[in-house]
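Peer 1: This structure is in structure tokens; I'll ask about it shortly.
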Amino acid sequence: MNLLSIMFRRNGSAPVARDRLQVLLAHERAFVGKSDLLAVLQEEIIAVIAKHVTIERDKVQVKLDRGDTVSTLEIDVEVPGAAATAAKLALEGARPAMAGGF
Amino acid sequence: MATVLVVTSGKGGVGKTTSTAALGAALAKQGQNVVVVDFDVGLRNLDLVMGAERRVVFDLINVVQGDAKLPQALIRDKRIDNLSLLPASQTRDKDALTADGVERVIQQLRERFDWVICDSPAGIERGATLAMRHADAAVVVTNPEVSSVRDSDRIIGLLDSKTAKAEKGERIEKHLLLTRYDPIRAARGEMLKTEDVLEILSIPLLGIIPESEEVLRSSNLGTPVTIGNPTSAPARAYFEAARRLRGETLVVSVPAERRSFMGRLFGRRAVA
């Protein structure tokens with residue numbers, strides 16, 4: 001620690017880097033070799049919906065937000081013919097709990 | 001009993017080749033019989049960093065394919081007798097490396113040397129997986145920076161699943177070598193701290209190599225820093241890392257360059 005660093009101490013970006021890495025790697029480790037999980041989920045969910053209503057495959061949007069304690073998997077399915085009935089499924093906690101502590 | 005050590009990282013430019021050369025020379029100076037092997041086929045550089053670029057005749061692929069005998073391809077270091085280099089091929093592509101051929105060469109090297117240090121190419125493709133394939137231990141070179149740490153995590157996963165040892169149900173010994181570390185910036189919270197990286201990757205620390213102009217100077221000169229300037233901060237860190245590789249227990253410190261009063265005050269190295 002030198003004089004200048006004491007005089008101009010400011011909030012560092014390293015803690016942000018550490019937190020981002022911890023969240024990211026917890027997910028990556030849990031899903032090694034299962035990288036197509038999203039695709040599988042999407043397929044199965046669409047199959048269930050398709051049993052009951054007619055849907056177009058390319059009108060399905062999947063979004064994922066990896067959070068620290070909870071992740072959100074959001075699937076938008078546009079049901080044709082009835083504009084107002086676009087189904088929105090938000091599956092909270094679709095991902096299993098993170099493996100172990102950091 | 002020889003030890004095959006892979007120096008790997010996933011990410012490029014973090015200091016694998018520099019560290020291979022510096023650790024190899026440090027171990028050799030400590031009396032060990034060492035060979036450094038370049039696995040970066042097509043983009044070889046270990047010869048340049050070792051200062052042997054004008055002496056390359058045969059290479060790893062010539063030996064793998066049987067075009068040359070191993071002793072013909074080995075280049076003995078001019079400064080240290082018990083240090084040799086097996087260069088990579090500059091012209092052929094990575095597919096020329098076969099799993100069987102690599103195994104045969106590694107086996108032959110095991111019989112001749114105490115340490116076989118494999119300099120892995122960046123990435124997770126064939127060259128990188130073959131470099132780690134027959135390793136007993138790994139040095140994971142990491143910069144205190146998010147993309148490097150993420151890639152190291154990926155490589156640690158591969159070391160635990162794709163190596164011959166892992167497939168036999170044995171554990172490969174893994175060591176973290178933190179390079180380009182700036183203790184002042186880390187203390188200011190501008191750079192990931194050693195503890196942060198250790199906590200995230202959770203493998204034992206082999207050493208911390210401080211950011212230093214001596215490292216670039218060494219590669220400019222083709223002299224591993226542990227030969228060219230053995231009292232410099234990075235060289236001392238590499239010597240300590242080499243002793244830890246040999247089983248000594250030493251407290252890890254960050255060697256610092258000597259600074260003048262003004263240098264200390266303004267956080268710069270004094271002009272000598």
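Each value in this text was obtained by applying a stated rule to the coordinates, not by laboratory testing. Note that the structure is a prediction, hence the values are computed from the model and not measured. Because the Cβ atoms are built from the backbone with ideal geometry, glycine has one as well, and the counts that use them run over all protein chains shown.
Peer 1: Pick out which of B:Lys11, B:Lys69, B:Lys29 has the largest mean-square fluctuation in a Gaussian network model of chain B, springs linking Cα atoms closer than 10 Å.
Peer 2: Largest GNM mean-square fluctuation: B:Lys69.
Peer 1: Shifting gears a bit: Treating cross-link reach as a plain straight distance, find the aspartates and glutamates whose alpha-carbon is under 17 Å from the alpha-carbon of B:Lys69, omitting any fewer than eight places away in the same chain.
Peer 2: Counting by Cα, and skipping residues close in sequence, B:Lys69 has these aspartates and glutamates nearby: B:Asp38, B:Asp59, B:Asp100, B:Glu103, B:Glu111.
Peer 1: Which of these, B:Asp153, B:Asp38, B:Asp95, has the largest mean-square fluctuation under a Gaussian network model of chain B (Cα springs below 10 Å)?
Peer 2: Comparing B:Asp153, B:Asp38, B:Asp95 in a Gaussian network model of chain B, the most mobile one is B:Asp95.
Peer 1: Partner chain Cβ atoms within 10 Å, averaged over the residues of A:13-22 - can you pull that number for me? Please report the intermediate quantities before stating the final value.
Peer 2: Details: counts 5, 12, 4, 2, 10, 9, 1, 2, 11, 3.
Across A:13-22, the average partner-chain Cβ count within 10 Å equals 6.
Peer 1: Can I ask one more? Determine how many Å³ per residue the convex hull of the Cα atoms of segment B:173-261 encloses.
Peer 2: Working: hull volume 10.5 nm³, N = 89.
Convex hull of Cα atoms, per residue: 118 Å³.
Peer 1: How do B:Met191, B:Met1, B:Met50 line up, fewest other C-beta atoms within 10 Å first?
Peer 2: Details: B:Met191 24, B:Met1 5, B:Met50 29.
So the residues, fewest neighbours to most, are B:Met1, B:Met191, B:Met50.
Peer 1: Just to be sure I understand: with springs between alpha-carbon atoms less than 10 Å apart, which residue in B:Ile184, B:Ile203, B:Ile117 has the highest mean-square fluctuation in the Gaussian network model of chain B?
Peer 2: B:Ile184
Peer 1: Within 10 Å of each residue's Cβ, count the other Cβ atoms and sort B:Thr231, B:Thr3, B:Thr142 from fewest upward.
Peer 2: On the way: B:Thr231 10, B:Thr3 18, B:Thr142 31.
Result, fewest neighbours first: B:Thr231, B:Thr3, B:Thr142.
Peer 1: Which whole number gives the average count of other chain Cβ atoms within 10 Å of the Cβ atoms across peptide B:145-152? Write down the numbers at each step before the final one.
Peer 2: On the way: counts 1, 8, 1, 0, 5, 5, 0, 1.
Mean partner-chain Cβ count within 10 Å for B:145-152: 3.
Peer 1: Step by step: find N for segment B:125-211, compute 2.2 N^0.38 Å, then divide the Cα radius of gyration by it. What's the final number? Don't jump to the answer; show the numbers that get you there.
Peer 2: Values: Rg = 13.8 Å, N = 87, 2.2 N^0.38 = 12.0 Å.
Working it through for segment B:125-211, the quotient is 1.15.
Peer 1: Given N residues in segment B:16-172, what is its alpha carbon radius of gyration divided by 2.2 N^0.38 Å?
Peer 2: On the way: Rg = 14.9 Å, N = 157, 2.2 N^0.38 = 15.0 Å.
Compactness ratio reported: 0.99.
Peer 1: Taking every eigenvalue of the Cα gyration tensor of segment B:1-40, multiplying by 5 and rooting it, what semi-axes result, largest first, whole Å?
Peer 2: On the way: eigenvalues 80, 26, 11 Å².
Equivalent ellipsoid of segment B:1-40: 20, 11, 8 Å, largest first.
Peer 1: So what are the ³J(HN,Hα) numbers for segment B:111-119, from phi and the Karplus equation (6.51, -1.76, 1.60; θ = phi - 60°), rounded to whole Hz, Gly and Pro as x?
Peer 2: Going residue by residue, I get 6, 9, 10, 7, 10, 10, 9, 9, 8 Hz, with x marking Gly and Pro.
Peer 1: Any idea which of B:Ala164, B:His175, B:Cys118 is furthest toward the positive side of the dipole for segment B:87-221, if Lys and Arg beta-carbons carry +1 and Asp and Glu beta-carbons -1?
Peer 2: Toward the positive end, the furthest listed residue is B:Ala164.
Peer 1: In the structure displayed, which of B:Lys29/B:Lys193; A:Lys59/B:Lys11; B:Lys11/B:Lys193; B:Lys16/B:Lys162; B:Lys165/B:Lys193 lie more than 27 Å apart, Cα to Cα?
Peer 2: B:Lys29/B:Lys193; A:Lys59/B:Lys11; B:Lys165/B:Lys193
Peer 1: I'd like the per residue volume of the convex hull spanned by the Cα atoms of segment B:45-136, given in cubic angstrom. All intermediate terms of the calculation are to be shown ahead of the outcome.
Peer 2: Details: hull volume 9.3 nm³, N = 92.
Dividing the Cα hull volume of segment B:45-136 by its residues yields 101 Å³.
Peer 1: Ok, one more. Out of all Cα-Cα pairs in chain B, roughly what percent, to the nearest whole number, are more than 24 Å apart?
Peer 2: Numbers: 16800 of 36856 pairs.
Value for chain B (Cα pairs over 24 Å): 46 percent.
Peer 1: How big is segment B:117-159 by Rg and Dmax over its Cα atoms, in Å?
Peer 2: 10.1, 29
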